[in-house]
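So the structure is just underneath, and the comments pick up after that.
The values are calculated or read from the model by the stated rules, or taken from the named source; none is laboratory data. For clarity, every value in this text was computed on a predicted model and none was experimentally measured. In this analysis, Cβ positions are derived from the backbone assuming ideal geometry, glycine residues included, and neighbour counts consider all displayed protein chains. Just the protein is used for accessible areas: all its heavy atoms, side chains included, with ligands, DNA and RNA removed. Shrake-Rupley method; radii C 1.70, N 1.55, O 1.52, S 1.80 Å.
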There are 2 protein chains.
Amino acid sequence: MSQPEPGAVVDLLGVLAYAELTAFDRLAEDARLAPTLTGRAALARMAAAEIAHHVRLTERLTELGADPAAAMAPFTSALDTFHESTRPSTWLEGLVKAYVGDGLAADFYREIAAFLPEPDRDLVLEVLDDTGHADFAVREVRAAIEADRRLAGRLALWGRRLVGEAITRSQAVIAEHDGLAELIITGTGDLAGVGRLIDRITSAHTQRMTTLGLNP
Amino acid sequence: MSQPEPGAVVDLLGVLAYAELTAFDRLAEDARLAPTLTGRAALARMAAAEIAHHVRLTERLTELGADPAAAMAPFTSALDTFHESTRPSTWLEGLVKAYVGDGLAADFYREIAAFLPEPDRDLVLEVLDDTGHADFAVREVRAAIEADRRLAGRLALWGRRLVGEAITRSQAVIAEHDGLAELIITGTGDLAGVGRLIDRITSAHTQRMTTLGLNP
């Protein structure tokens with residue numbers, strides 16, 4: 001496999017560093033929607049874990065001679081737009097977004113990480129490690145649906161909306177960053193490879209919706 | 001020195017645990033007011049450090065056989081009211097609040113910690129350690145005032161308002177928790193001792209305002 005351009009690596013670490021910063025923001029905001037102090041503290045702890053990941057990524061960017069703020073800047077608008085257009089209005093919507101949305105993003109970044117040389121591949125895989133959010137979200141959402149079956153339909157709709165927005169935004173980001181596009185095409189081999197990548201991501205998403213007790 | 005009642009220790013750890021959780025919230029919120037990505041990430045990192053402190057305190061509460069959520073509950077209303085009534089409207093107001101307000105609170109908690117037995121005394125002193133916020137706030141505020149002298153008057157007024165609100169709220173909290181009141185009176189020895197405690201806290205506050213370049 002040919003080495004990716006250094007610019008593509010900086011792009012990927014930059015988008016991830018900003019994604020972790022927005023994940024922090026969002027979890028901190030969702031924490032305030034928590035119905036209990038315990039839930040609020042749990043989300044705050046997860047937000048703190050995202051920041052630890054953010055710090056690892058910015059340190060690596062600095063090591064590579066890149067300015068972290070400059071590396072993040074090209075991606076702020078796309079990620080901010082995504083979050084603005086999918087702002088949860090309830091505690092449960094926040095949890096579904098965190099589980100389904102972050103899961104989808106993590107799968108996508110993991111696929112791209114496979115095309116990176118070390119040590120960046122390991123770094124990306126490490127910062128994508130679940131921070132305990134997944135189990136927490138699944139537990140809370142399933143309990144809520146059991147208590148009130150009508151929630152399932154509404155949350156399933158919300159899950160589909162999240163995926164739609166995520167796909168639209170990702171396509172825009174990749175189209176604007178030749179290095180990232182090149183990395184994906186070269187890494188997957190050809191368009192059929194890209195198709196298989198999308199298949200894998202889609203089926204993992206379906207699995208997550210099912211785990212939550214929602215129709216994909 | 002007589003041992004404080006176990007209830008007073010749980011009270012103090014409980015109020016601190018909730019104070020750290022609100023500090024997290026507030027720093028996370030202020031981070032969004034940051035004029036640069038670097039400033040935003042710096043505040044997010046400090047917020048994460050507050051959560052690490054929160055976790056230490058809740059672990060100790062559990063060790064003492066107390067339920068962390070129950071230990072925090074009696075203090076949520078007073079602390080929330082304080083933060084609601086002193087919500088910063090600018091990035092600089094947020095920094096002054098963090099430096100002046102958190103400094104004042106930390107001094108007060110440190111004074112009380114001196115009356116605690118180990119290991120709680122050390123734990124409290126440790127979680128009150130500055131998370132790097134102080135230097136950052138001082139640097140940013142001083143630079144802003146140098147660039148625009150008119151800010152000094154407005155921010156000094158804001159600093160005085162913060163102290164007024166903090167004193168009102170603390171008195172209310174102490175009046176409602178006999179264990180805490182007893183701890184302070186017994187610890188300081190008598191009312192003259194309480195007076196000296198207030199003197200020490202006030203002069204440290206004056207020093208912080210001066211450090212920021214503000215009239216106390």
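Working out 0.36 nm times the residue gap between A:ALA192 and A:ARG121, then minus their Cα-Cα distance, what length gain in nm do you get to one decimal? Don't jump to the answer; show the numbers that get you there.
Working: separation 71, 0.36 × 71 = 25.56 nm, distance 2.32 nm.
Contour length minus Cα-Cα distance gives 23.2 nm.
Leaving ligands and nucleic acids out of the surface, order A:HIS83, B:HIS54 by accessible area at 1.4 Å, largest first. All intermediate terms of the calculation are to be shown ahead of the outcome.
Values: A:HIS83 30, B:HIS54 0 Å².
So, going from the largest accessible area down, we get A:HIS83, B:HIS54.
Helix-only estimate, please: 222 nm mean residue ellipticity of chain A, summing -39500 (n - 2.57) across DSSP H runs of length 4 or more and dividing by its residues, to the nearest 500. Intermediate values should be presented prior to the final figure.
Numbers: 10 runs with 172 residues, N = 216.
When only DSSP H runs of four or more count, the value is -27000 deg cm²/dmol.
Tell me which of A:LEU13, B:MET209, B:ILE184 sits at the most positive position along the dipole axis of the protein assembly as shown, charges placed on C-beta atoms (Lys, Arg +1; Asp, Glu -1).
Farthest along the dipole direction, towards plus: B:MET209.
Could you give the dipole magnitude of region A:6-212 about its Cα centre, charging the beta-carbon of Lys and Arg +1 and that of Asp and Glu -1, in debye to the nearest 20?
Values: 21 positive and 31 negative charges, 223 e Å.
Dipole about the Cα centre, nearest 20: 1080 debye.
Compute from the Cα atoms of region B:51-131 the Rg and the Dmax, the latter being the longest Cα-Cα distance, and quote both in angstrom.
Spelled out, the Cα radius of gyration and Dmax of region B:51-131 are 14.2, 42 Å.
What's the local net charge at B:TRP158, with K and R +1, D and E -1, over the other residues with C-beta under 10 Å away? Don't skip to the answer; put the middle values down first.
Working: positive: B:LYS97, B:ARG154, B:ARG160, B:ARG161; negative: B:GLU93.
Net charge around B:TRP158: +3.
For chain A, set up a GNM with springs between Cα atoms under 10 Å and report which of A:ALA23, A:ALA143, A:ALA52 has the largest fluctuation.
A:ALA143
What angle, in degrees between 0 and 90 and rounded to the nearest 10, separates the Cα long axis of helix A:191-212 from the longest principal axis of the Cα atoms of chain A?
Taking the Cα atoms of chain A, the angle to A:191-212 is about 20 degrees.
How high is the relative contact order of chain B, given as a whole-number percent (alpha carbon pairs under 8 Å, six or more residues apart)?
Working: 209 pairs, mean separation 55.1, N = 216.
Once divided by the residue count of chain B, the mean separation gives 26 percent.
What FRET efficiency do you get for A:GLU63 and A:ARG160 if R0 is 30 Å and r is their Cβ-Cβ distance, rounded to the nearest 0.05? The partial results should precede the final answer.
Values: r = 40 Å, r/R0 = 1.34.
So, using R0 = 30 Å, E works out to roughly 0.15.
Separation of region B:167-216 and region B:98-112 by C-alpha centroid, Å?
Comparing the Cα centres of region B:167-216 and region B:98-112, I get a distance of 9 Å.
What is the extension gain from B:ALA52 to B:ARG32, computed as 0.36 nm multiplied by their sequence separation minus the C-alpha to C-alpha distance, in nm to one decimal?
Details: separation 20, 0.36 × 20 = 7.20 nm, distance 2.08 nm.
Extending this stretch completely gives an extra 5.1 nm.
Select from B:GLU59, B:GLU84, B:GLU182 the residue whose mean-square fluctuation is largest in a Gaussian network model of chain B (Cα-Cα springs shorter than 10 Å).
B:GLU84
Hey, with R₀ at 35 Å, roughly what FRET efficiency would A:SER77 and B:ASP199 work out to, going by the Cβ-Cβ distance, to 0.05? Each step should come with its number before you reach the end.
Values: r = 52 Å, r/R0 = 1.49.
Calculated value: 0.10.
What FRET efficiency would be calculated for the residue pair B:SER89, A:THR211, taking the C-beta separation as r and a Förster radius of 60 Å, to the nearest 0.05? Walk me through the numbers on the way to the answer.
Numbers: r = 43 Å, r/R0 = 0.71.
Once rounded, the FRET efficiency stands at 0.90.
Calculate how steeply helix B:6-31 sits against the longest principal axis of the alpha-carbon atoms of chain B, using the helix alpha-carbon long axis, and give the answer as 0 to 90 degrees to the nearest 10.
Between the helix axis and the principal axis of chain B, the angle is about 20 degrees.
May I have the pair-distance distribution P(r) for the protein assembly as shown, computed from all Cα-Cα distances with 20 Å bins from 0 and rounded to whole percent?
24, 50, 24, 3, 0
Along each principal axis of its Cα atoms, how long is chain A end to end? Whole angstroms, biggest number first, please.
53, 36, 26
Output wanted: per-residue J couplings in Hz (rounded whole) for region A:53-70, from phi through Karplus 6.51 cos²θ - 1.76 cosθ + 1.60, θ = phi - 60°, x for Gly and Pro.
Whole-Hz 3J(HN,Hα) from phi for region A:53-70: 5, 4, 5, 4, 5, 5, 4, 5, 4, 4, 4, 7, x, 9, 8, x, 4, 5.
Could you work out the relative contact order of region B:1-108? I mean the mean sequence separation of Cα pairs under 8 Å and 6+ apart, divided by the number of residues, in percent. Present the calculation step by step, with values, prior to reporting the outcome.
Working: 81 pairs, mean separation 34.9, N = 108.
Dividing the mean separation by the residue count of region B:1-108 yields 32 percent.
Taking only Cα atoms and a 10 Å spring cutoff, compute GNM fluctuations for chain B and point out the largest among B:VAL194, B:VAL141, B:VAL96.
Result: B:VAL194 has the largest fluctuation of those listed.
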